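Here's the structure, in structure tokens; my notes come after.
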Amino acid sequence: MTKVNELQKKWLNDPIYKADFEAITEEFEIASAIIEARNLAGLTQSELAKRLKAKQSLVARLESGADNTTIKTLQRIAEATGTYLRSLLNNLDDFSGFPRRSVLGRSVPYPPIAP
């Protein structure tokens, strides 16, 4: 059975796939930072949504990378999770070409990408 990271390396040799993948990487970096901040604060999506005075579905969309967000919303998330916007944004790593990355010393997977 082929491992996901082996497939990812193979697919990244395709210039079209690589360009598409890199185009969405930043969205998933932001989503991962939101998830990490929420988890470090010990909050569920519902609890974070309550602090934001928003619906849980908004948090789910932001964490899935399905919705774009604003700096203002990121600031509200930082405050709701007891951190600073600068800290939240500083946790974004550059894409290394592999399907996992380190956030705050933890290995975090990128969401699966279909071929």
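Every number in this text was worked out from the coordinates using simple rules, so none of it is lab data. Quantities reported herein were computed from a predicted structural model and do not represent experimental measurements. Here the Cβ is made from the backbone with ideal geometry for all residues, glycine too, and neighbour counts use every protein chain on show.
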### Task
For Thr81, enumerate residues with amide H under 5 Å from its amide H, sequence gap 5+ or separate chain, H modeled in the peptide plane.
none
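Compute the length gained on full extension between Thr70 and Leu7: take 0.36 nm times their separation in residues and subtract their Cα-Cα distance, giving the result in nm to one decimal. Could the numbers behind the result be given before it?
Numbers: separation 63, 0.36 × 63 = 22.68 nm, distance 3.33 nm.
Result for the pair: 19.4 nm of gain on full extension.
What is the order of Arg76, Arg38, fewest Cβ neighbours within 10 Å to most? Before the final figure, lay out the partial values.
Values: Arg76 18, Arg38 21.
Listed from fewest to most nearby Cβ atoms, that is Arg76, Arg38.
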### Message
If I model a spin label at Glu26 and Lys55 as a point 7 Å from the Cα along the Cα→Cβ vector, what separation in nanometres do I get?
### Response
2.8
